[in-house]
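Q: Here's a structure for you.
The values are calculated or read from the model by the stated rules, or taken from the named source; none is laboratory data. These numbers come from a predicted model, not from an experiment. Cβ: placed from backbone, ideal geometry, glycine included. Neighbour counts: every protein chain shown. What goes into the accessible areas is simple: the full protein's heavy atoms, side chains included, and nothing from ligands, DNA or RNA. Shrake-Rupley method; radii C 1.70, N 1.55, O 1.52, S 1.80 Å.
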Amino acid sequence: MNKKLRIVVLVSGGGTNLQAVIDAIQDGTITNTEIVGVISNNPGVKAMERAEKAGIDAKCVSPKNFAVRADFEEALLAAVQAYEPDLVVLAGCMVVIPEKMVKAFENRIINIHPALIPAFCGTGYYGLRVHQKVLERGARVTGATVHFVDAGTDTGPIILQKAVYVQEGDTPEILQRRVMEEAEWKIMPKAIDLIANGRVKVENGKACIADYTFGEE
Ligand code: GAR
């Protein structure tokens with residue numbers, strides 16, 4: 001059996017994607033993987049409660065405890081590195097990942113974005129705001145994307161995407177929930193499982209997945 005992939009999950013709020021990963025490891029949808037730590041930039045959030053309930057080490061590194069942004073970034077990197085992870089998973093993490101961390105973990109940080117990149121992404125597109133913009137634009141299809149994190153905002157190699165239809169009468173909240181249920185909670189665990197089993201590599205700025213039929217997630 002392969003050595004288990006050590007993952008650290010970075011969160012900011014509700015932690016439903018974290019929960020999907022915890023559940024998928026427990027039920028065997030994700031194999032060869034252990035969550036070695038959860039780090040939140042916000043204290044007292046539901047995501048930390050979820051980690052603790054699952055017996056996972058959880059800590060908070062808040063920018064509010066640092067006078068200078070660079071010191072927060074150093075502390076965040078040190079906290080991540082202390083877990084010696086193979087992969088850093090941004091699961092609803094609202095912190096812009098410092099360049100130093102991107103370099104230290106090249107092609108070893110993944111993020112879930114609640115839209116089909118390159119639509120509705122980039123600076124200012126996060127959380128509920130993404131769904132608001134989708135509805136404002138009158139888009140018929142949205143979805144979610146798991147991608148590697150590079151120095152840009154939502155610009156790294158795409159690993160998996162799943163489409164979700166917008167429905168008449170959707171509010172941002174209703175749409176957010178549907179995108180989570182139908183896309184995010186499926187493709188995030190799937191991407192981790194693929195990485196844990198050595199099936200994902202990055203070549204010429206694109207992610208390649210061995211023996212994979214898109215749509216099977
Ligand atoms: C999720 O919809 C995730 O895709 C989004 O925030 C939500 C967090 O929910 N992430 C971003 O917008 C990142 N740019 P969760 O805390 O319940 O997983």
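Q: When segment 165-217 is examined, which residues are found to be of a type in the set (V, I, T), modelled with pLDDT of 95 or more, outside any strand (DSSP E or B) and closer than 29 Å to L5 by Cα?
A: Listed by number, the residues that qualify are V179, I187, I192, I195.
For every residue, the table says whether it meets (1) among the polar types (S, T, N, Q); (2) within 9 Å of the ligand (Cβ to nearest atom); (3) more than 20 Å from G13 (Cβ to Cβ).
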{"position": "A78", "(1), (2), (3)": "no, no, yes"}
{"position": "L90", "(1), (2), (3)": "no, yes, no"}
{"position": "N111", "(1), (2), (3)": "yes, yes, no"}
{"position": "C121", "(1), (2), (3)": "no, yes, no"}
{"position": "H131", "(1), (2), (3)": "no, yes, no"}
{"position": "V149", "(1), (2), (3)": "no, no, no"}
{"position": "G156", "(1), (2), (3)": "no, no, yes"}
{"position": "V166", "(1), (2), (3)": "no, no, yes"}
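Q: Take G44 and tell me if it is within 16 Å of the ligand (Cβ to nearest atom), in contact with a helix residue (DSSP H, G or I) (Cβ under 8 Å, 6 or more places away or on another chain) and either modelled with pLDDT under 95 or not aromatic (F, W, Y) (or both).
A: Working: within 16 Å of the ligand (Cβ to nearest atom): yes; in contact with a helix residue (DSSP H, G or I) (Cβ under 8 Å, 6 or more places away or on another chain): no; either modelled with pLDDT under 95 or not aromatic (F, W, Y) (or both): yes.
It is false that G44 is within 16 Å of the ligand (Cβ to nearest atom), in contact with a helix residue (DSSP H, G or I) (Cβ under 8 Å, 6 or more places away or on another chain) and either modelled with pLDDT under 95 or not aromatic (F, W, Y) (or both).
Q: Shifting gears a bit: Of the conditions (1) more than 16 Å from the ligand (Cβ to nearest atom); (2) surrounded by fewer than 18 Cβ atoms within 10 Å (Cβ to Cβ), E52 satisfies every one except a single condition; which number is it?
A: With (1) more than 16 Å from the ligand (Cβ to nearest atom); (2) surrounded by fewer than 18 Cβ atoms within 10 Å (Cβ to Cβ) applied to E52, the lone miss is (1).
Q: For segment 139-164, name all the residues that are closer than 15 Å to Q176 by Cα and part of a loop (DSSP other than H, G, I, E, B). Walk me through it before giving the result.
A: Step one: filter segment 139-164 for residues closer than 15 Å to Q176 by Cα, giving 139-145, 162-164.
Once the filter is applied, which keeps residues that are closer than 15 Å to Q176 by Cα and part of a loop (DSSP other than H, G, I, E, B), segment 139-164 yields A139, R140.
Q: V202 versus (1) within 13 Å of the ligand (Cβ to nearest atom); (2) in contact (Cβ under 8 Å) with a residue 60 or more places away in the chain; (3) surrounded by fewer than 18 Cβ atoms within 10 Å (Cβ to Cβ): which is the lone unmet condition?
A: All conditions pass for V202, except number (1).
Q: Within segment 99-117, can you find the residues that are surrounded by fewer than 22 Cβ atoms within 10 Å (Cβ to Cβ) and either hydroxyl-bearing (S, T, Y) or out of contact with any Ser or Thr (no Cβ under 8 Å at 6 or more places or on another chain) (or both)?
A: E99, K100, M101, V102, K103, A104, F105, E106, N107, R108
Q: So, M180, is that one within 12 Å of the ligand (Cβ to nearest atom), within 21 Å of L194 (Cβ to Cβ) and either open to solvent by 10 Å² or more (accessible area, probe 1.4 Å) or in contact with a strand residue (DSSP E or B) (Cβ under 7 Å, 6 or more places away or on another chain) (or both) or not? So that I can check it myself, show each step before the final result.
A: Working: within 12 Å of the ligand (Cβ to nearest atom): yes; within 21 Å of L194 (Cβ to Cβ): yes; either open to solvent by 10 Å² or more (accessible area, probe 1.4 Å) or in contact with a strand residue (DSSP E or B) (Cβ under 7 Å, 6 or more places away or on another chain) (or both): yes.
Taking the combined requirement at face value, the residue satisfies it.
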